[in-house]
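The next block holds one structure in the form of structure tokens; read it before the comments.
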Amino acid sequence: MGNTSEEARKEIVQRLRRIEGQVRGLQKMLEEERECEEIVIQLSAIRAALEKVSLSIVGSYMVECIKKEVSEKGDCVRAMEKAKEMFMKLS
């Protein structure tokens, strides 16, 4: 995979680390018995961040892995079916 893939991977890992920090913050909020509204806001932020990272990963798959599948096996239809299956698992 080229530089773009490496950059995308690094960005995804960085986002996951931020999400990890948000989850730790949520745990601390629960331990401190913070207000429900604050907790729900944090949960919403975590969910949105996970959705973005999920789409980013699927997007990377659609670009890189489909190219690889097609170049190695020459089966564009199967590669697109696999991409569709992955996308559908997110919803």
Note to self: Of the conditions (1) touching a Cys at 6+ places or on another chain (Cβ under 7 Å); (2) on the phi > 0 side of the Ramachandran plot; (3) not small (Gly, Ala, Ser), GLU33 satisfies every one except a single condition; which number is it?
What the structure shows: (1)
Check: For segment 59-91, which residues satisfy the criterion of being farther than 22 Å from ARG15 by Cα and not in a helix (DSSP H, G or I)?
Finding: GLY74, ASP75
Note to self: I'd like the full set of residues that are of a type in the set (D, E, K, R), more than 16 Å from the chain's Cα centre (by Cα) and loosely packed, with under 15 Cβ neighbours inside 10 Å, limited to segment 52-83.
What the structure shows: LYS67, LYS68, GLU72, LYS73, ASP75, ARG78, GLU81
Notebook entry, point to check: Which of the following residues is part of a helix (DSSP H, G or I) and within 17 Å of SER5 (Cα to Cα): SER56, SER44?
Noted result: SER56
Notebook entry, point to check: Scanning for something in contact with a helix residue (DSSP H, G or I) (Cβ under 7 Å, 6 or more places away or on another chain) and without any contact (Cβ under 8 Å) to a residue 12 or more places away in the chain, does segment 35-45 turn up at least one residue?
Noted result: yes
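Answer yes or no: is there a residue in segment 14-23 that is modelled with pLDDT under 85 and within 11 Å of the chain's Cα centre (by Cα).
The first filter runs over segment 14-23 and keeps only residues modelled with pLDDT under 85, leaving none.
Taking every residue of segment 14-23 in turn, none turns out to be modelled with pLDDT under 85 and within 11 Å of the chain's Cα centre (by Cα).
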Note to self: Restricting to segment 1-51, count the residues that are within 20 Å of SER91 (Cβ to Cβ) and loosely packed, with under 14 Cβ neighbours inside 10 Å.
What the structure shows: 4
Notebook entry, point to check: Within segment 23-41, can you find the residues that are in a helix (DSSP H, G or I) and farther than 25 Å from ILE12 by Cα?
Noted result: MET29, LEU30, GLU31, CYS36, GLU37, GLU38
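The values are calculated or read from the model by the stated rules, or taken from the named source; none is laboratory data. Just so it is clear, the model here is predicted, and its values are computed rather than measured. Cβ sites come from the backbone with ideal geometry, for glycine too, and all protein chains shown count toward neighbours.
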